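The values are calculated or read from the model by the stated rules, or taken from the named source; none is laboratory data. Values in this document were obtained by computation on a predicted structure and should not be read as measured data. Cβ sites come from the backbone with ideal geometry, for glycine too, and all protein chains shown count toward neighbours. Surface areas here come from the heavy atoms of the whole protein model, side chains and all, with no ligands, DNA or RNA. Shrake-Rupley method; radii C 1.70, N 1.55, O 1.52, S 1.80 Å.
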Amino acid sequence: MRENYIVEKEGLLLDYLYEVVNLPKKKIKQYLTHGSVYVDHTRTTKYDYPLQKGMVITIQSKVSSFLPFPILYEDDYIIVVDKPSGLLTVATAKERENTVYHMVREYLNKKRAGSKVFIVHRLDKDTSGVLILAKDMSTKNKLQEHWEEYVSVREYKAIVEGVPKKKETRLVHNLKETSTQLVYVAKEGKEAITSYKLEKSKNGFSRLTIFIETGRKNQIRVQLAHIGLPILGDKKYNKKTVGKRLYLHACRLKLFYPPKGGVLSFSSPEPKEFQKVMR
């Protein structure tokens, strides 16, 4: 099942669903609890999620011929999606089904039984934006093995707390990871390279355009926090943050694509939440 509802008045999510969805209240709560409800393509389990007029609510059952997030590109070899914030790329010990991988696999199997899907690269759970998955092992291996060679642009948008001293700079740090999966800047470790350009500052927040040259775990989040510009909503590296989500979005990915013998570029628009912060 996949149902869309356009919000006609402000209110709280659960109360609104009770009014407009023709299902038992218990069933509606189950959809919320199990992560099957999306507001403007962002998954939420909060009963008291604040709604504004014009928002789009999607109720998505676990097995569907549709996806609860946009498909940016699809052919016989890959599928590129616009991943929402709050959704895992792949399963963990605690969550098996509410993942991009599971949803895309179910979507493809509805189209053709026996279809498979393979992760090419990942985005953090709370990072949104462009994500590529392969439909066969050969394509997956080829893209992964030549990832640094094929990919020419990895662009992000971020809202950070604070105002940069430099409007444009290139950050080079060595990163290490603790046993509790916390990444930090160290004298020795894997090199991470991130560049940013200041787009706008307002009310103590700044919008940055970011380009990465390496793909280290959490590198943007860690490097920006290290120089005193933590990403809004990053509760892992910025515990005092007030953001409702992680304000980091993978907006553009450009790469050489072997099946077509040319370059493809995939883009995702900046989320509405980012625009609201900078108004």
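Residues in region 246-279 that are within 21 Å of Thr89 (Cβ to Cβ) and part of a loop (DSSP other than H, G, I, E, B): Leu246, Tyr247, Ser268, Pro269, Glu270, Pro271.
Can you name the residue in region 157-168 that is open to solvent by 30 Å² or more (accessible area, probe 1.4 Å) and assigned to a strand (DSSP E or B) and, of all such residues, is nearest to Asn238 (Cα to Cα)?
Glu161
Take Leu198 and decide whether it is under 23 Å from the mean Cα position of the chain (by Cα) and over 26 Å from Met103 (Cβ atoms).
Here the answer is yes, as Leu198 does meet what is asked.
Of everything listed in (1) over 17 Å from the mean Cα position of the chain (by Cα); (2) open to solvent by 40 Å² or more (accessible area, probe 1.4 Å); (3) not hydroxyl-bearing (Ser, Thr, Tyr), the single unmet condition for Glu270 is (1). Within region 173-221, work out how many residues are closer than 25 Å to Val153 by Cβ and open to solvent by 70 Å² or more (accessible area, probe 1.4 Å). Residues flagged as closer than 25 Å to Val153 by Cβ and open to solvent by 70 Å² or more (accessible area, probe 1.4 Å) within region 173-221 amount to 9. Give just the number: which of (1) farther than 24 Å from Val151 by Cβ; (2) outside any helix (DSSP H, G or I); (3) within 14 Å of the chain's Cα centre (by Cα) does Gly243 not satisfy? The failed condition is (3). Cβ-Cβ contacts under 7 Å between residues 6 or more apart (or on different chains), taken from a first residue in region 85-111 that is more than 20 Å from Leu72 (Cβ to Cβ) to a second residue that is open to solvent by 50 Å² or more (accessible area, probe 1.4 Å), are listed as Ala91/Tyr101; Glu97/Lys62.
Could you list, in sequence order, the residues of region 127-153 that are assigned to a strand (DSSP E or B) and crowded, with 20+ Cβ neighbours inside 10 Å? Passing the criteria: Ser128, Gly129, Val130, Leu131, Ile132, Leu133, Ala134.
Given the criteria modelled with pLDDT of 90 or more and either over 24 Å from Ile57 (Cβ atoms) or over 9 Å from the mean Cα position of the chain (by Cα) (or both), does Val100 qualify?
It is true that Val100 is modelled with pLDDT of 90 or more and either over 24 Å from Ile57 (Cβ atoms) or over 9 Å from the mean Cα position of the chain (by Cα) (or both).
Of all residues in region 122-173, those satisfying the criterion of being over 19 Å from the mean Cα position of the chain (by Cα) and acidic (Asp, Glu) are Asp136, Glu145, Glu148, Glu149, Glu161, Glu168. Could you look through region 180-203, keep only residues that are in a loop (DSSP other than H, G, I, E, B) and polar (S, T, N, Q), and pick out the one that is nearest to Pro230 (Cα to Cα)? Here the residue is Asn203. Against the definition (modelled with pLDDT of 95 or more and either assigned to a loop (DSSP other than H, G, I, E, B) or closer than 22 Å to Val151 by Cβ (or both)), how does Thr209 come out, yes or no? The answer is yes for Thr209.
Condition check for His41 on (1) touching a Phe, Trp or Tyr at 6+ places or on another chain (Cβ under 6 Å); (2) open to solvent by 10 Å² or more (accessible area, probe 1.4 Å); (3) modelled with pLDDT under 85; (4) on the phi < 0 side of the Ramachandran plot: one failure, at (4).
Scanning region 86-118 for residues that are open to solvent by less than 20 Å² (accessible area, probe 1.4 Å), in a loop (DSSP other than H, G, I, E, B) and closer than 24 Å to Lys27 by Cβ yields Gly86, Leu87, Asn98. Within region 69-85, the set of residues being part of a loop (DSSP other than H, G, I, E, B) and either among the aromatic types (Phe, Trp, Tyr) or at pLDDT below 90 (or both) comprises Phe69, Pro70, Tyr77. Against the list (1) at pLDDT 95 or above; (2) closer than 24 Å to Tyr38 by Cβ, the condition Asp126 fails is (1).
Looking across region 242-271 at every residue that is more than 25 Å from Leu133 (Cα to Cα) and out of contact with any Leu (no Cβ under 6 Å at 6 or more places or on another chain), the one that is modelled with the lowest pLDDT is identified as Lys244.
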